[in-house]
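Below is one structure, written out as structure tokens; the observations come after it.
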Amino acid sequence: MAATEQALHMAQVAAQAAFDKKAENVTLLDVSEHLVITDVFLIASGNSDRQVNAIVEGIEETLAKEGIKPIRREGHREGRWVLLDYFDIVVHVQQSEERSLYDLERLWADCPHIPVLAS
């Protein structure tokens, strides 16, 4: 089963919000075949804790305008890896070092990439 239209829409909106805050390497993965708890992972990088937090706040504000709020938020104080759980999508915003170390794309390499329509 592929990601739902709602999840794909949310992911594209969140990706655009991340780009608006100068996020780097924004990636969307369709994890729906492997996880029952979510459909899409959005992974993005920031260069500092301040930028990571700005990206996260931008995503939260943008999705809130559509009436969508996260059900869980983790890691905001440290600003190195922040996770936003929106049920249909899970957003991972990481500093570059954490992204290289944990390499979520490698861990989920068998999941299809979703083209990012944002610019």
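Miscellaneous remarks
- Just one of the listed residues (Arg73, Arg50, Arg80, Arg99) is of a type in the set (Lys, Arg), farther than 17 Å from Leu29 by Cβ, in contact with a strand residue (DSSP E or B) (Cβ under 7 Å, 6 or more places away or on another chain) and touching a residue at least 24 places away in the same chain (Cβ under 8 Å), and it is Arg80.
- Among the conditions (1) at pLDDT below 95; (2) of a type outside the set (Ser, Thr, Tyr); (3) surrounded by fewer than 17 Cβ atoms within 10 Å (Cβ to Cβ); (4) over 14 Å from the mean Cα position of the chain (by Cα), Ala3 misses just one, which is (3).
- Checked against (1) at pLDDT 95 or above; (2) crowded, with 18+ Cβ neighbours inside 10 Å; (3) not acidic (Asp, Glu), Gly67 passes all but condition (2).
- Per this entry, Gly46 is counted among residues that are over 24 Å from Gln6 (Cα atoms), modelled with pLDDT of 95 or more and not β-branched (Val, Ile, Thr).
- Selection from the stretch 87-103 of residues that are crowded, with 17+ Cβ neighbours inside 10 Å and within 19 Å of Gly46 (Cβ to Cβ): Ile89, Val90, Val91, His92, Val93, Gln94, Gln95, Glu98, Arg99
- Residues that are of a type in the set (S, T, N, Q) and in a strand (DSSP E or B), drawn from the stretch 9-35: Asn25, Thr27
The values are calculated or read from the model by the stated rules, or taken from the named source; none is laboratory data. What you see is a predicted model, and the numbers here were worked out from it, not measured in a lab. A quick note on method: Cβ atoms are made from the backbone with ideal geometry, for glycine too, and the neighbour counts reach across all protein chains shown.
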